[in-house]
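Data block below; observations after.
The values are calculated or read from the model by the stated rules, or taken from the named source; none is laboratory data. Quick caveat, the model's predicted, so the values are computed rather than measured. We place every Cβ from the backbone using ideal geometry, glycine too, and count neighbours over all the protein chains shown. Areas reflect the complete protein model, heavy atoms only, side chains present, ligands, DNA and RNA absent. Shrake-Rupley method; radii C 1.70, N 1.55, O 1.52, S 1.80 Å.
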Amino acid sequence: MALIVHKYGGTSMGSTERIKNVAKRVAKWHDAGHQIVVVPSAMSGETNRIIGLAKEISAQPDPRELDMIASTGEQVSVGLLAIALQAIGKQAVSYAGWQVAIKTDSAHTKARIASIDEAKVKADLDAGKIVIITGFQGVDELGNITTLGRGGSDTSAVAVAAALKAQECLIYTDVDGVYTTDPRVVSDARRLNTVTFEEMLEMASLGSKVLQIRSVEFAGNYRMPTRVLSSLTDPLIPLEEEANSGTLISFEEDTHMEQATITGIAFNRDEAKITVLGVPDRPGIAYQILGPVADANIEVDMIIQNQSVEGKTDFTFTVPRGEYAKAMDVLETSVKAHIGAGSIVGDSKVSKVSVVGVGMRSHVGIASQMFRTLSEEGINIQMISTSEIKISVLIDEKYMELAVRSLHKAFGLENA
Ligand code: ADP
Ligand code: ASP
Ligand code: MG
């Protein structure tokens, strides 16, 4: 007998029919003698719908109130799943985040989990119940409902698994694992049997939304075995077969035999680039530009500063596209005059494409192969950033899919 956490995403919970299938799958695992905790997302489209309602009323809704409503989709899901399990003869109980409690900080819409009380859940499991806990939501010290950022149910699930010391966390989704790139963009992308934790972390942080980045961080910090697999198979397929399907995030460097130099291609459409022109080249300037941006809670990603000419330089960085207007506003109002910059220009239609792979450590020439491939397609590179296991480039968004497809091919990642 093992304690296992299942997470089901929006598509997997997308209709009452699908929820009945989830119940059958969960019951199969419970019948095999396992203790099961389920963390579902809202039904697909629901979180967008609810947030859309708030935005119909106000362009910038109060984050506390946004969390109050955005979290409700998950509450519907847990109740429906409990009913579906009870309908097939299982004992099941659902909880909202605050009832568990999943405690977070107070950063509404992007809260971080601080602790999870596991006593109540353990008692229910020991009493033979299947426990269903809302994904995406928690509660802060003052009792306010918080949410963990879009895609946050992945993080709820892995964090719950870590708190309960589960044997494994199974992330059921609408694809049957982690692929060399998003299979919606490259149809012959290949499923990976394993992906190292480090690579998964890079891929998630570089835009592969199959797992929310914080869920990967939790998996790494607690060394929680985490597997991505399909919820769209027949729910009654043999458990053994299901348990070994999909993609396992591995913590062992040497399980990496199947991989060549590059493991995958990640991309993020929603980037924006900002350049502060004519900046005096003196100590403290980067801080004076980026300090106010950070104070506005805007995440900065790639950064470059040009060579200075006659004491002046240009300073360029990227921010998430959704924060572009806010970042421009901060720079215009609190930075430009203060540092004596010339002007501020930006482009909100850029995307980032990255090649990722631990194999890069022992191979030279990956960057030149990447740049050659892009140059053969006539794609201009605007910015570059690298780490030990990734190379990212910023390009015009209209070439993003072409770049992903041609790199996928150039690095031989397609299905044989
Ligand atoms: P869920 O609702 O189950 O959380 P998501 O939509 O958040 O599902 O994540 C699954 C989706 O992630 C897939 O449908 C796929 O389009 C996308 N995706 C992006 N990159 C990858 C990748 N490298 N491998 C698999 N899926 C990917
Ligand atoms: N329902 C939330 C969202 O749409 C959380 C999740 O699905 O993981 O972002
Ligand atoms: Mg998701």
Proportion of all alpha-carbon pairs of region 59-213 beyond 25 Å (%): 38
Structure-based [θ]222 nm, the chain - -39500 (n - 2.57) summed over DSSP H runs of at least 4, per residue, nearest 500: -10000 deg cm²/dmol
Within a Gaussian network of the chain (alpha carbon springs, distance under 10 Å), most fluctuating of 195, 279, 178: 279
Helix runs (DSSP H) in the chain reaching 24 Å along axis by Cα, Kyte-Doolittle at least 0.5: none
1.4 Å probe accessible area per residue over region 353-416, in Å²: 48
Per residue, the convex hull volume that the Cα atoms of region 278-416 enclose (Å³): 144
Debye log10 I(q)/I(0) at q = 0.18 Å⁻¹ for region 69-146, Cα point scatterers: -0.72
Stokes-Einstein diffusion coefficient of region 1-151, Kirkwood radius over Cα pairs, 37 °C, 0.692 mPa s, in µm²/s: 209
P(r) histogram, all alpha-carbon pairs of region 30-84 included - 5 Å bins from 0, percent: 4, 17, 23, 18, 13, 9, 7, 4, 3, 2
Accessible area (Å², 1.4 Å probe, nearest 10) - residue 150: 130
Length-normalised contact order for the chain - Cα pairs under 8 Å, 6+ apart - percent: 14
Quarter of Cα convex hull surface for region 373-416, i.e. mean projection, nm²: 3.5
Inter-site label distance for residue 277 and residue 364 at 7 Å from Cα along Cβ, in nm: 3.9
Burial order of peptide ranges 301-310, 107-116, 34-43, 338-347 (average beta-carbon count within 10 Å, highest first): 34-43, 107-116, 338-347, 301-310
Binned Cα-Cα distances of the chain, short to long, each 10 Å bin given as a whole percent: 5, 20, 28, 25, 16, 5, 1, 0
Pairwise label distance in nanometres, residue 99 with residue 83, each label 7 Å out on the Cα-Cβ vector: 1.4
Contour minus Cα-Cα distance for residue 329 and residue 24 (0.36 nm per residue): 104.6 nm
